[in-house]
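The values are calculated or read from the model by the stated rules, or taken from the named source; none is laboratory data. None of the values given here were measured: they were computed from a predicted structure. Backbone-built Cβ (ideal geometry, glycine too); neighbour counts: all protein chains shown.
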Amino acid sequence: MDIGVLLNHTLFIQALLFLVFLFIVHMVYVKPYSKTVDQRNARILELNKEAEKFREEAKHYLQKAEKILNEASQKVNEIIETARKEAKAEADKIIEVAEKEAEEKIESAKTQIQKELEEAKKELETKVETLAKIIVEKFVEVQK
């Protein structure tokens with residue numbers, strides 16, 4: 001039974017050539033590919049670290065912005081509340097002045113009406129006296 005392989009120096013040369021071929025393939029293809037893959041992995045790790053740093057920074061700025069917005073909202077609410085109180089105080093003052101003026105006008109009108117009533121009473125009394133005199137005179141004339 002012959003397998004067709006002779007154990008001679010050609011087998012060793014072929015084995016040596018195969019090892020040289022593997023070495024060349026390793027140097028030309030595998031080593032640069034591995035180096036590229038390692039560089040890419042290192043760059044990915046670097047970018048991940050940088051992205052995490054940016055996430056933390058963005059989170060910090062977001063918290064800072066929320067704090068500023070909350071402070072601004074509080075200030076706006078305080079300003080609105082102060083303006084509301086001032087407006088209410090001014091409205092109360094205007095209402096008070098208007099009520100005083102109305103009371104003064106009412107008092108003035110009452111005084112004027114009272115004066116006119118007194119004058120009307122005096123005039124009426126005078127007319128009643130005059131009329132009474134006329135009636136008495138006519139009654140006396142009729143009796144004579």
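Only one of 30, 20 is modelled with pLDDT under 95 and among the β-branched types (Val, Ile, Thr); which? It would help to see each step written out before you state the result.
Values: 20 fails: modelled with pLDDT under 95.
One residue alone meets the criteria, 30.
Mind checking which residues of region 48-97 are of a type in the set (S, T, N, Q) and more than 31 Å from the chain's Cα centre (by Cα)?
Result: 48, single match.
If we scan region 98-116, do we find a residue that is in a helix (DSSP H, G or I) and under 38 Å from the mean Cα position of the chain (by Cα)?
Going residue by residue through region 98-116, those that are in a helix (DSSP H, G or I) are 98-116.
From what is left, the residues that are under 38 Å from the mean Cα position of the chain (by Cα) are 98.
The answer is yes, given that some residue of region 98-116 is in a helix (DSSP H, G or I) and under 38 Å from the mean Cα position of the chain (by Cα).
Quick grid of which residues meet (1) touching a strand residue (DSSP E or B) at 6+ places or on another chain (Cβ under 6 Å); (2) surrounded by fewer than 10 Cβ atoms within 10 Å (Cβ to Cβ); (3) of a type in the set (A, V, I, L, M, F, W, C):
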| residue | (1), (2), (3) |
| --- | --- |
| 82 | no, no, no |
| 98 | no, no, yes |
| 107 | no, no, no |
| 116 | no, no, no |
| 122 | no, no, no |
| 128 | no, no, yes |
| 132 | no, no, yes |
| 141 | no, yes, no |
